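S.K.: This structure is in structure tokens; I'll ask about it shortly.
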Amino acid sequence: MDLNFTREDAAFRDEVRAFLDEKLTPELKEAGSLTTSVFTDKKWNLAWQKILYEKGWVAPNWPVEYGGTGWTEMQKYIWASECARAGTPHLSPMGLRMCAPVLMKYGTPEQKAFYLPRILKGEDYWCQGYSEPGSGSDLASLQLRAVSDGDDYVLNGSKIWTTHAHFANRMFCLVRTKWDGKPQEGITFLLLEMNTPGIKVEPIITLAGEHEVNQVFFDEVRVPKANRVGPEHEGWTVAKYLLEFERGGAYAAGLAVGLEKLRAIAMAERAGDGTRLIDEPAFRRKLDETEISVKAMEITEHRVMAELAGGKNPGPASSMLKTRGTETTQAIDELAVEALAYYANADQRAAREPGSNIAPIGPAHGLTVMPRYLNNRAASIYGGSNEIQRGIMAKLVLGL
Ligand SMILES: Cc1cc2nc3c(=O)[nH]c(=O)nc-3n(C[C@H](O)[C@H](O)[C@H](O)COP(=O)(O)OP(=O)(O)OC[C@H]3O[C@@H](n4cnc5c(N)ncnc54)[C@H](O)[C@@H]3O)c2cc1C
């Protein structure tokens, strides 16, 4: 494993920096900096996607034949790092990083030809219909009924925690098509349009006061069988393949930026007495420990990257990256709340609206600290909780 840049890599990094300097407008940068979870506001993430699409840089992880960049693993890493450093809006992962790899592997030629270009251009906005009330960690117990009726399935039931379902025009979804035998053997993977009659989306407001997740109700919803991905009753295999991509991803670059911001807060002189938090040994120790975790994360990602360069998929390593990445994210969030003390507590939703002229209470960098802390509590739950990831690692990596 070589962590040094070659001359070509350094030239690529300079090219990326020049591109970001030119294309990242102040509005996009503001939208990026006000992002308090995985998701940037739809308007801004699509605006950024359009710019990347025009450049041909929207999907670094896709094969070139479908519109990928053909970058080396190191180039992809440089790209992710530079985007984190510059504070770009986040692209929604649902289409680009989750649904697309599944379509590439399991979709029919017609499905690939129709959906993949639309995902690349940002013409469709996807949501994920996996979890149900009562079926989260134990996903195979899901009960949304899909009964065969001619060329359609007829769906009844509900999905919950469906992120951005209120923005999405399409959902990839797991449904039950068989009720006897092992629960895993009666699941089917479907694609559906959110404006199909019988679908109702109800908001769930998070602890941070934001509308990001929903419950989605299905009442006699007809979905053409042509929208099925993979064979009937065999959606579990498709679903698990998708989860490898949901759980993987690069954390280290974003963590390093979060740590840098935290250090800046800790190094600032405090109003009143001119002391600095960084000079308090107890805080300093926690900061140093977190920095070691971020470094370890970076090295681990490079190791996984070396394996991906050999053509492998993330596999169970994605469970390890997810667990450590989300735990380190939460450690940084906790320290940021501690560092901002009183100011972290203010509810400042209005001041956080992009373009808002409402002045923040306390330092401007404090605007997102508390919502990030609250939203990221969910990072160790969604995509399969960290306890479940530990179970996967015990079984598939350690062979216990
Ligand atoms: C903000 C947010 C966004 C989400 N977005 C989506 C989305 O877009 N689409 C979607 O389909 N889902 C989404 N989810 C749902 C998410 O995937 C589930 O919340 C998650 O899988 C956990 O399921 P659960 O909430 O039913 O908790 P439960 O499964 O009831 O788990 C409760 C607790 O028990 C523990 N536990 C359960 N089983 C085991 C076990 N076998 N071993 C050890 N510990 C165990 C869990 O770790 C957890 O701590 C989202 C969730 C959140 C919070």
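The values are calculated or read from the model by the stated rules, or taken from the named source; none is laboratory data. Just so it is clear, the structure is predicted and the values come from calculations on it, not from any experiment. As a convention, Cβ positions derive from the backbone with ideal geometry for all residues, glycine included, and neighbour counts pool all protein chains shown. Side chains included, ligands, DNA and RNA excluded: accessible areas come from the protein's heavy atoms. Shrake-Rupley method; radii C 1.70, N 1.55, O 1.52, S 1.80 Å.
S.K.: Please work out which residue is modelled with the lowest pLDDT, limiting yourself to segment 313-340 and to residues that are under 20 Å from Leu398 (Cβ atoms), open to solvent by 30 Å² or more (accessible area, probe 1.4 Å) and outside any loop (DSSP other than H, G, I, E, B).
M.R.: The residue in question is Met320.
S.K.: Still on this structure, I have one more. Out of Arg372, Arg390, report the one residue that is open to solvent by 40 Å² or more (accessible area, probe 1.4 Å) and within 12 Å of the ligand (Cβ to nearest atom).
M.R.: Numbers: Arg372 fails: within 12 Å of the ligand (Cβ to nearest atom).
Residue meeting the stated conditions: Arg390.
S.K.: Okay, next question. Got a number for residues in segment 169-190 being over 28 Å from Asn375 (Cβ atoms) and in a loop (DSSP other than H, G, I, E, B)?
M.R.: 6
S.K.: What residue, of Ala268, Ala239, Ala253, is surrounded by fewer than 20 Cβ atoms within 10 Å (Cβ to Cβ) and of a type in the set (A, V, I, L, M, F, W, C)?
M.R.: Numbers: Ala239 fails: surrounded by fewer than 20 Cβ atoms within 10 Å (Cβ to Cβ); Ala253 fails: surrounded by fewer than 20 Cβ atoms within 10 Å (Cβ to Cβ).
Criteria check complete, one pass: Ala268.
S.K.: Report yes if Val294 is modelled with pLDDT of 90 or more and more than 16 Å from the ligand (Cβ to nearest atom), otherwise no. Spell out how you get there, then give the answer.
M.R.: Numbers: modelled with pLDDT of 90 or more: yes; more than 16 Å from the ligand (Cβ to nearest atom): yes.
Criteria met by Val294.
S.K.: Follow-up question, since we're still on this one. Among the helices (runs of 4 or more DSSP H) lying completely within segment 20-123, list those that include at least 1 residues that are more than 18 Å from Asn313 (Cα to Cα). Reasoning before the result, please.
M.R.: Values: elements: 26-33, 42-55, 73-86, 100-106, 109-121.
Where helices (runs of 4 or more DSSP H) fall fully within segment 20-123 and carry at least 1 residues being more than 18 Å from Asn313 (Cα to Cα), they are 26-33, 42-55, 73-86, 109-121.
S.K.: Something else now. Quick check on Ala208: is it closer than 30 Å to Arg349 by Cα, out of contact with any strand residue (DSSP E or B) (no Cβ under 6 Å at 6 or more places or on another chain) and assigned to a loop (DSSP other than H, G, I, E, B)? Walk me through it before giving the result.
M.R.: Numbers: closer than 30 Å to Arg349 by Cα: yes; out of contact with any strand residue (DSSP E or B) (no Cβ under 6 Å at 6 or more places or on another chain): yes; assigned to a loop (DSSP other than H, G, I, E, B): yes.
So Ala208 passes the test.
S.K.: Name the residue that is nearest to Tyr382 (Cα to Cα), counting only residues in segment 153-168 that are near the ligand (Cβ under 8 Å from one of its atoms) and in a strand (DSSP E or B). Talk me through it step by step, then tell me what you get.
M.R.: Step one: filter segment 153-168 for residues near the ligand (Cβ under 8 Å from one of its atoms), giving 159-165.
The next check asks that each one be in a strand (DSSP E or B); those that pass are 159-160.
Details: Lys159: 14, Ile160: 12 Å.
The qualifying residue nearest to Tyr382 (Cα to Cα) is Ile160.
S.K.: Another one. Among the residues of segment 1-35, which ones are closer than 17 Å to Ala364 by Cα and over 23 Å from the mean Cα position of the chain (by Cα)?
M.R.: Pro26
S.K.: Let me ask another. Being open to solvent by 10 Å² or more (accessible area, probe 1.4 Å), more than 26 Å from Lys42 (Cβ to Cβ) and within 16 Å of the ligand (Cβ to nearest atom), is that true of even one residue in segment 98-121?
M.R.: no
S.K.: Of the residues that make up segment 211-222, is at least one open to solvent by 20 Å² or more (accessible area, probe 1.4 Å), touching a residue at least 60 places away in the same chain (Cβ under 8 Å), more than 16 Å from the ligand (Cβ to nearest atom) and touching an Asp or Glu at 6+ places or on another chain (Cβ under 9 Å)?
M.R.: For segment 211-222, residues open to solvent by 20 Å² or more (accessible area, probe 1.4 Å), touching a residue at least 60 places away in the same chain (Cβ under 8 Å), more than 16 Å from the ligand (Cβ to nearest atom) and touching an Asp or Glu at 6+ places or on another chain (Cβ under 9 Å): present.
S.K.: Is at least one residue of segment 217-229 assigned to a helix (DSSP H, G or I) and either under 17 Å from the mean Cα position of the chain (by Cα) or of a type in the set (Lys, Arg) (or both)?
M.R.: Step one: list which residues in segment 217-229 are assigned to a helix (DSSP H, G or I), which gives 225-227.
Next, only the ones that are either under 17 Å from the mean Cα position of the chain (by Cα) or of a type in the set (Lys, Arg) (or both) stay: 225.
Yes, segment 217-229 has at least one match.
S.K.: Looking at Gly157, Gly150, Gly181, can you tell me which residue is on the phi > 0 side of the Ramachandran plot, open to solvent by 20 Å² or more (accessible area, probe 1.4 Å), touching a residue at least 60 places away in the same chain (Cβ under 8 Å) and of a type outside the set (Ser, Thr, Tyr)?
M.R.: Working: Gly150 fails: touching a residue at least 60 places away in the same chain (Cβ under 8 Å); Gly181 fails: touching a residue at least 60 places away in the same chain (Cβ under 8 Å).
So the residue among Gly157, Gly150, Gly181 that is on the phi > 0 side of the Ramachandran plot, open to solvent by 20 Å² or more (accessible area, probe 1.4 Å), touching a residue at least 60 places away in the same chain (Cβ under 8 Å) and of a type outside the set (Ser, Thr, Tyr) is Gly157.
S.K.: Still on this structure: Looking at Val58, Val38, can you tell me which residue is open to solvent by 50 Å² or more (accessible area, probe 1.4 Å), hydrophobic (A, V, I, L, M, F, W, C), closer than 24 Å to Leu308 by Cβ and under 16 Å from the mean Cα position of the chain (by Cα)? Even if it seems obvious, please write down each step before you answer.
M.R.: Numbers: Val58 fails: open to solvent by 50 Å² or more (accessible area, probe 1.4 Å).
Selected residue: Val38, the only one of Val58, Val38 that is open to solvent by 50 Å² or more (accessible area, probe 1.4 Å), hydrophobic (A, V, I, L, M, F, W, C), closer than 24 Å to Leu308 by Cβ and under 16 Å from the mean Cα position of the chain (by Cα).
S.K.: Here is a list of conditions, (1) open to solvent by less than 20 Å² (accessible area, probe 1.4 Å); (2) within 16 Å of the ligand (Cβ to nearest atom); (3) not basic (Lys, Arg), and Pro133 meets all of them except one; can you say which number that is?
M.R.: Of (1) open to solvent by less than 20 Å² (accessible area, probe 1.4 Å); (2) within 16 Å of the ligand (Cβ to nearest atom); (3) not basic (Lys, Arg), only one is false for Pro133: (1).
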